[in-house]
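Okay, so here's the structure we're looking at.
The values are calculated or read from the model by the stated rules, or taken from the named source; none is laboratory data. All values reported here derive from a predicted model rather than from experimental measurement. For neighbour counting, all protein chains shown are included, and Cβ atoms are generated from backbone atoms with ideal geometry for every residue, glycine included. Ligands, DNA and RNA are excluded from the accessible area calculation, which covers all protein heavy atoms including side chains. Shrake-Rupley method; radii C 1.70, N 1.55, O 1.52, S 1.80 Å.
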Amino acid sequence: MNVPPLTPVPVFQGEPSPGRGPTPAPALVGGLFTRRQIRSITDGITRFIIKTGGISIILCILGMCVFLVKEVIPLFLPPQATLTEPITLPQHERPTAAALVGIDEHQELAYVLRGDTLEFVFLGEGTAAISQVPSQGLLPTGSVTALARALGKGHNLTLGTEDGRIIPVTIEFTQVFQDSERSIVPAVRVGTPIAAAPTPQPIAKLAYQSTDSEVRIAAQLEDQHLWLTTSRTVSRPDGTSSASTTQADLTSSITGRVTALTFASRVELLAVGTEEGKVYLFDLRDAAKPILAETMQVSEQGGAITALAYLMGDRSLIVGDADGQVAVWMPVREHPGTNQTKMTAVHRFAPHQSTVTDITISQRDKGFITTDAEGGIRLHHSTSAQTLLALTPRQGALRNTYFSPKADGLVGLTESSRVIHYQISNPYPEITLATLFSPVMYEGYERPELVWQSSSGSDDFEAKFSLTPLIFGTIKGTVYAVLLAVPLAVLAAIYTSMFMHPDYRTKIKPTIEIMAALPTVVLGFLAGLWFAPVLERNFPAMAGMVLVTPFAVAVSAGLFLLLPASIRHRIRPGIEALLMMPVIIAVVWGCLATNAWWESFLFDGHYKPWLQTHLGLNYDQRNALVVGVAMGFAIIPIIYSISEEALSNVPKNLIAGSLALGATRWQTLVYLVLISASPGIFSALMIGLGRAVGETMIVLMATGNTPIMDWSLFNGFRTLSANIAVEIPEAPHGGTLYRTLFLAGLLLFVATFLLNTVAELVRQRLREKYSQF
C-alpha cells in the first residue's frame, strides 16, 4: 500500500496548531524581562563576580610576592661609596709623619691631629671651615713623635713625645639645638701626662688603650726597647683617688725590630708585629707580669708586619704586611673538648698592590678598612670574608683613615694634607649567599658551622644569619608530622569508605572533619604544656605501647577469625574494627600502669642516661616527637577528608562490577579504587604537606625553638615560619634581621608555590592516566 508523504504544517506563535491550542507568549517578570533573560543576566553577573574574585586573588598573591622581593633585594645590592670634595689644610709649621684623623657620627665635623696641632674641619654644605686648637693647650713642652688611637667607642687619642711621655687627649662631640637648627660642638679634654718608660727617650711607636679604671701604653723607644706601662686609678671611700703605675720591659721576649703594635679593647691582650713577619701575643691580665702567650709566623713570604688591629670583641686579629696581604686570625681549639687554643688564619682577603699601611675597624660590626702605600682603600667584612669595596683616590697616599662611628662613612688624610671624605652605603655587609646557606667560620667556633643567632646581650656580638638550620627544621617537622598523619589519615579514609557501615560513617566522618576547626594555638598549648610533660614522665610506657599494640591487635584479630561462623555473623558488618577499641584501651592502660617496669626492662632503670650512653641522644622535653604528634593531629582531618571524598567518588557500578566478577573487597580496593582515587589522594597528601610546612603556632609552642641540625626525635628545632614569629617583634625596620626574615618568608612562599605546582601537574597526569577506570 502506497502511503503519501506527510506535508509539514507551519506553526506560528499565537495561532492555533492542529490539535492544540494557541502557544502562549513568554511570561514577563515585573513587566520588563522574561525568566530566560533574568537567568541569563544572573549567570552573567555570577560569572563576572567569580572571574573578578579569581583575578583579585591572583593579583593579591602576586602583590605579596612583589612586596617580599622588594624587601629582600636590598640585602644583595653592592655597597656604594661617594667621594665628596676634598679639603686642603694649611701647611703645618713643623711637618711630622704622625697624624690622626676622625669624624663625628653625623659626618659633619672632622678633626685632624698633626703633631701637636689639632684642627676641626666642617664637612657640611658650603665652604669648609677650619679651626685650630692652640698647641700650647695640648702640649706644654716637647714635640710629638708618635700618635695612637684607642679602640672602641669615642675619640680617645694619645700623643707620644720626644721626652718619653704620653699625653691622653679626648675629643667629644655634642649636639646643640638653636632656633630649630642642629649644630655639632667639639670639646677637647687633655689628660695628665704619663711616663711611658723609666728613662726619657723619644717614642718611635705607640699603642694606647683605656678603660674606666686604668690606662695601658705600649711604647717602642728610640733604643728599640718595648715598654708596657699600666696606670691604674683607685677611688677611696672619702671621694679621693690614688694612681699607681706599673712598667714592664717586653724587649727580651721579642726578636727582631718591632713594626706594629695594638691592644685589645679590654686591655687584656697586646699584639706585637715584627719585621720578620712574626706576631707576638702577650697576656696582660696581670699587668706586673705580662706573659708571652703565643708566637705566630704570620707573613707567608716573611714580609714585615706593618699593621695590626683587633676587631670589635677582641677575638679576631687583623694582620697586614709589607707584601699587601690581609688576613684575619682568631683562636681555635686545637683539640675538641679542651680549652687549649691556637691562633689560626681563618679568612684571607684579596691582597693590596703595595704595603698595607693602616687598619681601621668598624665600631658596629665585624667590618674594617685597610689602606696601602699607593693610596688604595679597601672595605672588608670578616664574617662574610668578603672585600666589599676597592677605592683608589687620586689624591695620593694616605697618612691615616677613620671609619665613621655608624660605619657609613670614611675620612682620611693624604700626604699632601688634604682631607678626603667618602659617604658609604653598606647597610648589610654580613649578608651573602654563602653566609645564608653555607657553613661560616664564626668567632669562638672550632670549624665552619651553620648557625642562626640573631642577637645577644653584648654589643660586640657577631650576628649569625644562616637560614639552613631553619630550612632543615622546617623539613624535619614536616617529615615527622607526615610520617604520623599520612598512614593514619589514608587508612582511616580507606576503612571509612570501603568497610565501615554507612550508619557509622555518617557520624564518624563529620566528627573527624570538625577536628580541622581546632585552632592550632590550642593544639600547640596542649602539646607544649600538657602532652610534653606527660610524654616525658611516661616515655618508657609509650615505647611499650609501640611494641605491644600491634601484637595485641594481631592476636585479637586472629582470635576473632577463630570464632564459629555463627557467632561472627551476628556482628553487624562494618563495625568489626570497633571491637578492637577495648583491646587498645586495655593495652594503653596496662602500659601506663607498668611504666616503671618498662623503664627497667627496656632502659636499665633510667631512660635518659640510657639514650645518652647507648645512642648518644639527649632527651629534651619539647622535642620533635611532641611536635610530630601535635602537627600530625592538625593535618589528619585535612588528609582524611579529601582522601575519603576521593575514594567515595569512585563510581559504585565499577565497584559492584568488580565484586560481581569474583574479586574480594581488598582486591577491588587495591586494583580499582586506589587507582581511580589516586589523583584525589595525592592532592590530599600535598595539601597536608603544605599545611605542615607553613605551620607556626604548634612549632612555636611545642618545641624549644633551638635552630639545630639533628634528625633526633628527642631534640627540638626551629622552622622558618616559627622563626619569623619569634624574631619579627625585635627586628628594627629596614635592618639586616628585618630583611632576612622577609627572605625567609619569600623562601616559604616559593617553596609552597613550587610544591603546589608540582602537585597539580602530577595530579593532572594521574587523572589522565587513570581516567578510563
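For this structure, a couple of remarks:
- Separation of the stretch 196-272 and the stretch 366-385, taken as the distance between their Cα centroids, equals 28 angstrom.
- Available extension along the chain between Phe499 and Leu518 is 4.1 nm, counting 0.36 nm per residue and deducting the alpha carbon span.
- For the stretch 510-516, 3J(HN,Hα) computed residue by residue from phi via the Karplus equation (6.51, -1.76, 1.60; θ = phi - 60°) reads x, 5, 5, 5, 5, 4, 5 Hz, glycine and proline entered as x.
- Under 5 Å, built H, 5+ apart or other chain: amide partners of Asn400: Leu413
- Each pair of Cα atoms in the stretch 725-773 enters the Kirkwood radius, and Stokes-Einstein at 10 °C and 1.306 mPa s then converts it into a translational diffusion coefficient of 118 µm²/s.
- In terms of its Cα atoms, the stretch 170-229 spans 56, 24, 16 Å along the principal axes, sorted from long to short.
- Amide proton proximity set for Glu446, modelled H, under 5 Å, gap of 5+: none
- Based on the Stokes-Einstein relation at 4 °C and a viscosity of 1.567 mPa s, and on the Kirkwood radius from alpha carbon pairs, the stretch 471-583 is assigned a translational diffusion coefficient of 74 µm²/s.
- Between 0 and 90°, nearest 10: helix 539-562 axis offset from the chain longest Cα axis: 20
- Principal semi-axes in Å for the stretch 319-391 [√(5λ), Cα gyration tensor, largest first]: 26, 14, 9
- Estimated inter-spin distance, Met580 and Asn618, nm [label 7 Å along Cα→Cβ]: 3.9
- Using a Förster distance of 35 Å, the FRET efficiency for Asn339-Phe749 (Cβ separation, nearest 0.05): 0.20
- Checking the cross-link pairs Lys153/Lys205; Lys652/Lys769; Lys205/Lys406 against a 25 Å limit on the alpha carbon distance flags Lys205/Lys406 as lying beyond it.
- Fraction of the pair-distance distribution of the chain above 51 Å, Cα-Cα pairs, percent: 43
- Accessible area per residue, Å², the chain with all protein chains present, probe 1.4 Å: 51
- The Cα-based radius of gyration and maximum Cα-Cα distance (Dmax) for the stretch 347-495 are 22.9, 89 Å.
- When you restrict to C-alpha pairs under 8 Å that are six or more residues apart and normalise by the size of the chain, the relative contact order lands at 9 percent.
- Solution diffusion estimate, µm²/s, Stokes-Einstein, the stretch 602-676, Kirkwood Rh from C-alpha pairs, 10 °C, viscosity 1.306 mPa s: 96
- By the equivalent-ellipsoid construction on the alpha carbon gyration tensor, the stretch 151-268 comes out with semi-axes of 31, 19, 13 Å, ordered largest to smallest.
- Dividing the alpha-carbon radius of gyration of the stretch 200-265 by the rule-of-thumb value 2.2 N^0.38 Å gives 1.31.
- In terms of its alpha-carbon gyration tensor, the stretch 700-760 comes out oblate; a/c meets the 1.5 threshold, while b/c is at least as large as a/b.
- Here the convex hull built on the C-alpha positions of the stretch 434-537 has a volume of 190 cubic angstrom per residue.
- Label separation (Gln301 vs Glu449): 3.7 nm, computed from points 7 Å beyond Cα along the C-beta direction.
- To the nearest 10, the accessible area of Arg399 is 50 Å² with a 1.4 Å probe.
- Over the chain: helical MRE at 222 nm, DSSP H runs n ≥ 4 each giving -39500 (n - 2.57), nearest 500: -11000 deg cm²/dmol
- Rough spin-label spacing in nm, given labels placed 7 Å along Cα→Cβ, for Trp530 and Arg232: 6.0
- Reducing the stretch 414-482 and the stretch 575-622 to their Cα centroids gives an inter-centroid distance of 42 Å.
- Karplus-derived HN-Hα couplings along the stretch 296-312 (A = 6.51, B = -1.76, C = 1.60, θ = phi - 60°), whole Hz, x at Gly and Pro: 10, 8, 8, 6, 5, 8, x, x, 5, 7, 10, 8, 9, 6, 8, 5, 4
- Segment Leu737-Glu268, length gained on full extension (0.36 nm per residue, minus Cα span): 165.7 nm
- Classification of the stretch 563-719 by its C-alpha gyration tensor yields an oblate form. The axis ratio a/c (a ≥ b ≥ c) is 1.5 or more, and b/c is at least a/b.
- Once the mean of 1/r is taken over each pair of separate Cα atoms and inverted, the stretch 631-708 shows a Kirkwood hydrodynamic radius of 14.6 Å.
- The amide H of Ala309, built 1.01 Å from its N in the peptide plane, has Ile318 as neighbours under 5 Å, considering only residues 5 or more places off or on other chains.
- Ellipsoid fit via the Cα gyration tensor, the stretch 647-773: semi-axes of 44, 17, 10 Å, each the root of five times an eigenvalue, largest first.
- The phi-based Karplus calculation (6.51 cos²θ - 1.76 cosθ + 1.60; θ = phi - 60°) puts the 3J(HN,Hα) values of the stretch 396-403 at x, 5, 9, 8, 7, 9, 8, 7 Hz, whole numbers, x for Gly and Pro.
- Expressed as a whole percent, the accessible surface of the chain that belongs to carbon and sulfur atoms is 61, based on a 1.4 Å probe.
- Under the combined filter of DSSP loop state and at most 12 neighbouring Cβ atoms within 10 Å, the stretch 177-246 retains these GluC sites (Glu not before Pro): Glu222.
- Shape category assigned to the stretch 510-563 from the gyration tensor of Cα positions, a/c cut at 1.5: oblate
- Across q = 0.18, 0.21, 0.27 Å⁻¹, the stretch 254-323 modelled as identical point scatterers on its alpha-carbon atoms has Debye log10 I(q)/I(0) values of -0.62, -0.82, -1.20, in the order of the q list.
- Counting only heavy atoms of the protein chains and using a 1.4 Å probe, Met64 has close to 110 Å² of accessible surface.
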